[in-house]
Structures are given as structure tokens and as C-alpha cells.
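Below is one structure, written out as C-alpha cells; the observations come after it.
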Number of protein chains: 2
Amino acid sequence: MINENYKNLHDTYFFSLIAKKVNAFIAENPEREIIRLGIGDVTRPLAPLVVSAMQKAVQEMGNKSTFKGYGEEQGYEFLRSALKEYYKKSKKADLSMAEIFISDGAKSDLGNILDLFSADARVLIPDPVYPVYVDTNLMAGRNIVYINGNSENSFLPVPDDSIQADIIYLCSPNNPTGAVYSREQLGLWVDYALKNQSIILYDNAYEIFINDQSLPSSIYQIPGAAECAIEVSSFSKTAGFTGTRCGYTIVPEALVRQGLSLNSMWLRRQTTKFNGVSYIVQRGAEAVFTEEGFSQVMENIQYYRENARILSKTLDDLGIWHTGGLHAPYIWMKCPDRMGSWDFFDYLLSRFGIVTTPGAGFGAMGNEYMRLSSFGERSAVEKAEDLLKNGLKEVYQ
Amino acid sequence: MINENYKNLHDTYFFSLIAKKVNAFIAENPEREIIRLGIGDVTRPLAPLVVSAMQKAVQEMGNKSTFKGYGEEQGYEFLRSALKEYYKKSKKADLSMAEIFISDGAKSDLGNILDLFSADARVLIPDPVYPVYVDTNLMAGRNIVYINGNSENSFLPVPDDSIQADIIYLCSPNNPTGAVYSREQLGLWVDYALKNQSIILYDNAYEIFINDQSLPSSIYQIPGAAECAIEVSSFSKTAGFTGTRCGYTIVPEALVRQGLSLNSMWLRRQTTKFNGVSYIVQRGAEAVFTEEGFSQVMENIQYYRENARILSKTLDDLGIWHTGGLHAPYIWMKCPDRMGSWDFFDYLLSRFGIVTTPGAGFGAMGNEYMRLSSFGERSAVEKAEDLLKNGLKEVYQ
């Protein structure tokens with residue numbers, strides 16, 4: 001009666017091992033400064049207009065005449081129309097209101113969307129990858145095939161016709177690599193999905209960091225994507241909502257498989273197993289798309305971008321191979337020749353007090369790479385720049 | 001590749017058919033007053049202390065020094081300890097912090113908890129019942145056996161040893177009937193579950209309405225329940241959070257099946273497919289358990305209770321069989337002899353302008369019953385009292 005697939009999950013030691021090592025270092029070296037470049041969370045607070053929108057909404061909830069009870073599970077029209085407008089204006093993508101579903105975050109919807117697939121659906125996942133895509137499918141007992149990212153393909157694998165898959169995970173801009181697919185490359189994936197009748201689960205959570213209009217900021221900028229792709233996104237990184245909780249999923253009405261409309265299925269799933277996102281939070285998310293609100297969130301994005309630029313330049317000057325950092329908050333750098341990512345993690349921590357995220361945590365293809373994050377403090381990034389430009393060469397020949 | 005179980009779902013016409021009929025009536029009879037006794041949503045606003053707690057939290061999110069990013073998926077300690085205290089003080093039930101999981105609502109967790117069960121788990125569901133328990137299992141392709149509530153058992157079915165089940169749904173106080181199990185009756189269910197190694201999914205969402213200490217307000221007041229029951233609850237009805245979104249699920253550490261700890265599985269599931277409840281909302285929920293906050297929410301509960309008392313008394317005086325209304329916001333009344341619940345719905349609407357919820361929407365055992373809700377306006381309830389006490393006798397002999 002119990003789902004025994006849970007026995008097949010690996011221990012979640014990765015992030016707790018990092019924390020353990022860092023805490024041990026701090027305990028043994030209380031006088032050393034810790035420079036945190038491993039953060040996967042935002043550090044800048046919510047935009048003032050988002051705050052005031054939520055204050056107003058909280059106030060409304062305390063008054064009978066403005067109180068809101070249950071909202072539509074799919075999300076309030078005011079937020080869905082703001083998203084429809086955003087997609088039209090900044091992505092030139094036409095969505096209908098019925099295709100937009102407000103969520104409490106990409107992680108929830110990336111997990112729950114799998115309800116719509118059978119247990120025997122074959123899954124294609126890139127390596128390296130954020131472990132959640134893997135675990136959610138292991139929990140359902142699915143077989144997973146991996147497609148490798150490496151320095152040769154700039155960690156942007158393109159379709160391999162020898163692989164058959166029903167569900168394809170793509171994340172661009174990528175966590176952990178920060179790499180971004182071109183329109184041409186995404187076009188190859190869309191063609192592959194259409195040919196094989198696969199469905200692409202497109203994780204677009206970092207789209208706000210794209211700084212070049214020629215790069216796709218939605219899968220729906222690729223012709224044919226409406227017939228083969230579901231796009232999942234979030235306000236977490238865009239607007240600092242990691243603790244506030246709001247995202248959205250786009251399921252096109254044109255997406256039909258085996259005589260079933262994925263859009264109708266998702267609506268049914270959400271109206272049965274979900275009760276919508278907090279009214280207060282939806283008003284906060286709506287404020288993100290006002291002119292002033294968007295300008296305020298972009299200030300924070302610019303802050304992280306500058307952090308990334310400083311780190312990228314430091315690596316450039318040291319001649320160390322890396323990708324990401326340009327249209328993404330993450331930088332993916334090659335470890336020194338004689339060090340795997342855990343060894344390099346230990347070295348950076350003990351030598352410089354710098355905390356990073358070992359690529360090994362994201363798959364075998366990450367074993368010789370390290371993820372740096374730009375979400376932290378400018379002062380930390382500048383200290384890291386100083387320490388690394390003067391000290392890192394010793395381990396790179 | 002697609003989950004074809006979705007083809008087995010029935011159309012969700014029930015609540016939209018009600019809405020259609022009501023809107024048609026309003027259009028044809030614009031001068032008639034509508035008296036809403038069908039509401040499944042709260043109407044009283046959030047308590048002042050809840051509002052101020054959330055205002056403070058929103059403010060914190062706008063300041064770097066107090067900003068909160070990702071929280072533990074299981075929920076902040078401040079809220080889990082408030083719940084642990086609440087269970088100890090008002091239910092004499094001892095929970096550990098690790099057993100309490102904050103959710104965005106009972107509906108989400110009642111759906112998602114099914115991830116922990118295999119597709120071939122056998123499900124026992126009472127009839128009448130809130131349709132969501134049924135649909136969430138149909139989506140997973142499970143077989144469902146029903147156990148009947150009726151006037152003979154006061155809509156409180158007790159175990160039938162001829163039925164084998166792995167998952168047992170119980171809801172007390174009940175939606176739609178308002179019936180409440182006694183400790184003895186719940187003891188029978190716990191014994192049955194322990195004997196059969198089943199797991200009870202106990203929906204405790206209406207526990208706040210219980211007004212008699214001898215009636216169980218948690219399954220964990222029954223000895224042995226920790227080895228066979230998961231309790232799901234919500235702030236929706238307790239504190240008016242239907243639009244704010246917060247609930248909690250208790251998975252005892254003693255609950256083990258097939259060598260797997262359900263508590264560990266649920267933690268794994270939530271850390272993989274969920275990212276926690278909004279910090280702002282959790283601070284609002286915490287305020288519910290302050291002395292003043294609880295006193296404020298109980299004012300609203302008292303308001304709904306008085307509505308229920310008025311409606312119950314009206315039916316008593318008319319000699320119409322009904323249950324619920326005493327420790328629940330719902331009243332379940334017998335329809336007139338010659339009318340099924342849809343006919344009675346039409347009659348009450350056209351004759352009195354009263355909107356109700358036909359029992360047929362909750363299962364075959366509801367075909368001759370009607371659900372009345374006490375969540376509406378006192379003025380509406382008083383008008384209904386007047387109209388019914390003078391006019392309803394005509395259809396009851």
C-alpha cells in the first residue's frame with residue numbers, strides 16, 4: 001500500500017554536508033571571515049511597491065466589505081492578466097488567460113505537474129541538473145535517461161536522436177551552470193519534442209537575468225512550442241519572493257496528447273488538489289508588473305548582475321574556464337586539474353574562507369566544476385575578487 | 001505517457017450547476033432577495049491581531065535586516081511550536097515538532113499525501129462525502145469502496161469488518177453532514193485500522209466548532225492513533241484563512257508501514273515538491289494562538305455557531321429530521337418525502353429565494369438530504385428562519 005519508490009531515493013546529504021563543513025570551519029576558525037558565494041537564495045528585500053501592495057491587501061482582509069475568501073484555484077484575473085501583458089510586451093508571446101496558472105512557486109508545480117503523466121513515461125534530464133527534477137521522478141518510479149552537458153557543448157546539450165523520451169527537462173538560464181540556450185538550440189529541442197510527441201518541461205525561473213533580446217526568455221518564442229511545452233516560472237528570483245511564495249505555470253491549450261488536453265487536466269488537477277495562492281501574495285506579485293514596481297525589482301537584479309560581472313571578470317583575468325554569469329546569477333567554473341569539486345570546495349573554504357557549491361551535487365558531469373552564486377553581498381564579492389585574483393593562480397597551471 | 005486516469009473523472013458540474021440555477025433565478029427575478037445558506041466559505045474578516053501580525057511581517061520583508069528568504073519547507077518553528085502547544089493545552093495530545101508540517105491548506109495536503117501510497121492501495125470513503133477525496137484517488141487509478149452514512153447510523157458509519165482497506169477517510173466534524181464522531185466510535189475505527197494495518201486520513205478541518213470536551217477534537221486523543229492515522233487540518237474555517245491559505249498536517253513518528261516511516265517520507269516529499277508557506281502567512285497563523293488572537297477568532301466562530309443554532313431550532317420546531325449544526329457549521333436535513341435534493345433545491349430557491357447545497361453532490365446517500373451552511377449573514381439566517389417556519393410545513397407531512 002505504501003509507495004516503495006521512496007526506498008530508491010538517495011540520502012539528501014548534499015546541502016547539509018556543505019552546511020556541516022562550513023559550521024565546522026567557523027567553529028575551528030572563529031576569527032576568519034566567511035565569504036558566501038554558495039547562496040541559492042536572494043538577499044535583497046522586497047520592492048517597496050510590492051510591500052505596499054501587500055500592506056493594502058492585508059488591510060482588506062481585516063475588513064468585512066473587502067475581505068476575500070476562496071479565490072479561483074487558477075489565480076486572480078488581475079495577476080493573470082498582468083502576466084499575459086508581460087509576456088506580450090517583453091517576450092512577444094501571446095498567451096490566453098486560460099493558459100496561465102498562478103502557483104505558490106516553481107518547485108511545487110514542477111513536482112505536481114508530474115501527476116499528469118503515467119508512471120511509465122520516459123524522462124530525459126540534463127546532467128548537471130538541480131536534483132529536484134530527478135527525485136520527483138524517482139518518487140514516481142520512472143526511468144531517467146541523462147543527456148550530458150560538458151565544456152565541449154558549453155553545457156548546452158542539444159537533442160540526441162538516439163534517445164527516446166516522453167518528458168524532457170530544460171532549464172534556461174540554467175541552474176547550476178548559468179548557461180543560456182540560443183533560439184536556434186531551443187528550436188532543435190522543440191523540433192525533437194514535436195517529432196517524438198514528447199513534452200518539454202521548461203524551467204524559466206531565471207529569465208529575468210537575460211540581458212539580450214536575441215536570447216529566448218520563454219520557450220513560447222520558439223514556433224511550435226505551444227504544441228509541446230509547459231513553462232514553469234517563479235517570482236522567487238525575479239522579485240525576491242523565495243519566502244513570499246508565488247510562481248506561475250503556462251499550459252498551452254494547443255498541448256494535446258492521447259486525446260487529452262494538458263491544459264484541462266492541469267485545471268482539473270489544481271481545482272482538486274490545490275486551493276489557490278494567498279490573495280495577499282497575489283497582490284504583491286501584481287505590483288511587480290507596474291512600471292515603478294518593475295523598475296524597483298530590476299534594481300535588485302542589477303545588483304546581482306554586477307556581482308556576477310565582478311566574479312566573471314575575476315575568472316576571466318585568471319584565465320579560468322567558466323560559463324554563466326552573463327545572463328544568469330550563477331557561474332559554473334572549472335576546478336583545478338588535480339581537484340574534484342569537493343576537494344576544491346575544501347580548498348576555497350580553508351584557504352580563503354569562501355563558501356561555494358560543489359558541482360558534484362548536480363550530477364556526474366559536475367564533478368570537476370564549481371557553482372558560484374551572485375545572490376550575496378557586494379562586499380563579499382569584492383573580497384572574493386581580491387583574494388582570488390591574488391591567490392587562486394597557485395592551483396591552476 | 002499521459003495519465004489516462006483523468007479520463008475516468010466525472011464532469012465537475014455540481015457547483016457550477018448550482019451557480020447557473022442561482023444566476024438564472026436572479027436574472028428572472030431581480031426584485032427577489034437571495035438568501036445564501038449554501039456558502040462553503042467564511043464571510044467574517046480576519047481577526048485584528050492576525051492582520052497586525054501580517055502587517056508586521058510584510059514590513060519585515062521590505063527591510064534587508066529582517067528580510068526572510070527560503071524557510072524550512074516543514075514550516076517555521078514559531079508556528080509549529082504554537083501548534084504543539086495548542087494540541088497539548090486544548091486536546092491533551094502530545095506531538096513532537098518533527099510531526100507537525102505547515103501546509104498551504106488541507107486541500108493541498110489531502111491531495112498530495114497520496115503520493116506516499118501505491119496505486120493499488122485500496123481506499124475506503126464514506127458516502128456522503130466531499131468529492132475531493134474521491135477525485136484525488138480516481139486520478140491515481142485507485143479502487144474505491146464506499147461505506148454508507150444514513151439516518152439509521154446518524155451519518156456516522158462505524159467499521160465493517162467485511163471491508164478491507166488500506167486508506168480510510170474520516171472527516172469529523174463532517175462536511176457535509178455536520179455529524180461528529182464520539183471517542184468510542186473513533187476508537188472502533190482506530191482498532192480496525194490497527195488490525196488491518198490501514199492508515200486513516202483524518203480530516204479535522206472543522207474541529208474548532210466542537211463545543212463539548214467529551215467529543216474528540218483530534219484523532220490523537222484516541223489511544224493507538226499515532227500508529228495508524230495522519231491528521232490534516234486548516235486555518236481556513238478556524239481563522240477565516242480561506243483566501244490567506246494555511247493549514248497543517250500531522251504525521252506521527254510512530255507511523256510505519258512496510259519498513260518505511262511515513263513521517264520521513266512526508267518530509268522527503270515536501271522538501272522535494274514544496275517550498276514552504278509564505279512567511280507572512282505563517283506569522284498571521286501564529287497570531288491565532290495568542291490569547292487575544294484566539295479570543296478574536298472565537299468571536300467569529302460564535303457568530304457562525306449562533307447562525308447554526310437558529311437554523312437547527314427552526315428545523316426542530318418544524319419537526320424536520322436533521323443532524324449537524326451543534327458542533328459543526330453545516331446542517332444536514334432530510335428533504336420532503338416526494339422530493340430529491342435537486343427538486344428541493346429548486347423549491348427552496350423559487351419559493352423562498354433560499355440557496356442551499358443539494359446532498360446529491362456528495363454521493364448517492366445524499367440524494368434525499370440537503371446541506372445548510374451557517375457561514376453566511378445573520379440577517380440572511382433570520383430571514384430564512386421567518387420564511388421557513390411559516391412556509392416549509394406545506395411540503396412536509
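Quick notes on this one:
- Close pairs (6 angstrom Cβ cut-off, 6 or more residues apart or separate chains): touching a residue at least 40 places away in the same chain (Cβ under 8 Å) in region A:339-355, buried (at least 17 other Cβ atoms within 10 Å of the Cβ) and in a helix (DSSP H, G or I) anywhere: A:LEU349/A:PHE25; A:PHE352/A:LEU387; A:ILE354/A:LEU348; A:ILE354/A:ALA384; A:VAL355/A:VAL22
- Meets criteria (of a type in the set (A, V, I, L, M, F, W, C) and more than 13 Å from the chain's Cα centre (by Cα)) for B:ILE230: yes
- Some residue of region B:204-211 being among the aromatic types (Phe, Trp, Tyr), in contact with an Asp or Glu (Cβ under 9 Å, 6 or more places away or on another chain) and modelled with pLDDT of 95 or more: no
- Filtering region A:14-47 to residues that are in a loop (DSSP other than H, G, I, E, B), over 20 Å from the mean Cα position of the chain (by Cα) and not β-branched (Val, Ile, Thr) leaves A:ASN29, A:PRO30, A:GLU31, A:ARG32, A:GLU33, A:ALA47.
- Filter result (over 16 Å from A:ASN300 (Cβ atoms), within 8 Å of chain A (Cβ to nearest Cβ) and either surrounded by fewer than 17 Cβ atoms within 10 Å (Cβ to Cβ) or of a type in the set (Val, Ile, Thr) (or both)) within region B:51-65: B:VAL51, B:VAL58, B:GLN59
- Elements of type helices (runs of 4 or more DSSP H) in region A:230-301, at least 2 residues being in contact with a Leu (Cβ under 7 Å, 6 or more places away or on another chain), surrounded by 19 or more Cβ atoms within 10 Å (Cβ to Cβ) and within 9 Å of chain B (Cβ to nearest Cβ): A:262-273
- Residues that are surrounded by fewer than 21 Cβ atoms within 10 Å (Cβ to Cβ), in contact (Cβ under 8 Å) with a residue 60 or more places away in the chain and over 23 Å from B:GLU368 (Cα atoms) within region B:135-147 comprise B:LEU138, B:ALA140, B:GLY141, listed in sequence order.
- Matching residues, region B:345-373, being of a type outside the set (A, V, I, L, M, F, W, C) and over 21 Å from B:SER151 (Cα atoms): B:ASP346, B:TYR347, B:SER350, B:ARG351, B:GLY353
- The residues of region B:179-217 that are over 23 Å from B:TYR303 (Cα atoms) and among the hydroxyl-bearing types (Ser, Thr, Tyr), listed by number, are B:TYR181, B:SER182, B:TYR192, B:SER198, B:TYR202.
- The residues on offer are B:GLY187, B:GLY178, and the sole one that is closer than 26 Å to A:GLU73 by Cα and of a type in the set (Gly, Ala, Ser) is B:GLY178.
- Residues of region B:148-165 satisfying the condition of being touching a Leu at 6+ places or on another chain (Cβ under 6 Å) and either part of a strand (DSSP E or B) or buried (at least 19 other Cβ atoms within 10 Å of the Cβ) (or both): B:PRO159, B:ALA165
- Residue within region B:129-139 that is within 9 Å of chain A (Cβ to nearest Cβ) and of a type in the set (D, E, K, R) present: yes
- Residue match in region B:348-357 (condition: under 19 Å from B:ASP127 (Cβ atoms) and part of a loop (DSSP other than H, G, I, E, B)): no
- Considering only residues in region B:1-13 that are in a loop (DSSP other than H, G, I, E, B) and within 11 Å of another protein chain (Cβ to nearest Cβ), the one that is farthest from A:THR272 (Cα to Cα) turns out to be B:MET1.
- Hits in region B:73-123 (condition: buried (at least 20 other Cβ atoms within 10 Å of the Cβ), within 12 Å of chain A (Cβ to nearest Cβ), farther than 16 Å from B:ARG283 by Cα and out of contact with any Leu (no Cβ under 8 Å at 6 or more places or on another chain)): B:ALA106, B:LYS107, B:SER108, B:ASP109, B:GLY111, B:ASN112, B:LEU114, B:ASP115, B:PHE117, B:ALA121, B:VAL123
- Pick from region A:14-50, criterion within 14 Å of chain B (Cβ to nearest Cβ) and without any contact (Cβ under 8 Å) to a residue 12 or more places away in the chain, ranking: surrounded by the most Cβ atoms within 10 Å (Cβ to Cβ): A:ALA19
- From the list B:SER154, B:SER118, the lone residue that is free of Cβ contacts under 8 Å to residues at least 24 places away in the same chain and small (Gly, Ala, Ser) is B:SER118.
Table: residues versus (1) closer than 17 Å to A:ILE2 by Cα; (2) free of Cβ contacts under 8 Å to residues at least 60 places away in the same chain; (3) in contact with a strand residue (DSSP E or B) (Cβ under 7 Å, 6 or more places away or on another chain).
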site: B:SER81; (1), (2), (3): no, yes, no
site: B:LYS88; (1), (2), (3): no, yes, no
site: B:LEU95; (1), (2), (3): no, no, yes
site: B:ALA98; (1), (2), (3): no, no, no
site: B:PHE101; (1), (2), (3): no, no, yes
site: B:ALA106; (1), (2), (3): no, no, yes
site: B:LEU114; (1), (2), (3): yes, yes, no
site: B:ASP127; (1), (2), (3): no, no, yes
site: B:VAL132; (1), (2), (3): no, yes, no
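- Residue within region A:251-264 that is touching a residue at least 12 places away in the same chain (Cβ under 8 Å), in contact with a strand residue (DSSP E or B) (Cβ under 9 Å, 6 or more places away or on another chain) and within 18 Å of A:LYS107 (Cα to Cα) present: yes
The values are calculated or read from the model by the stated rules, or taken from the named source; none is laboratory data. Because the structure is predicted, anything quoted here is derived from the model rather than measured. For neighbour counting, all protein chains shown are included, and Cβ atoms are generated from backbone atoms with ideal geometry for every residue, glycine included.
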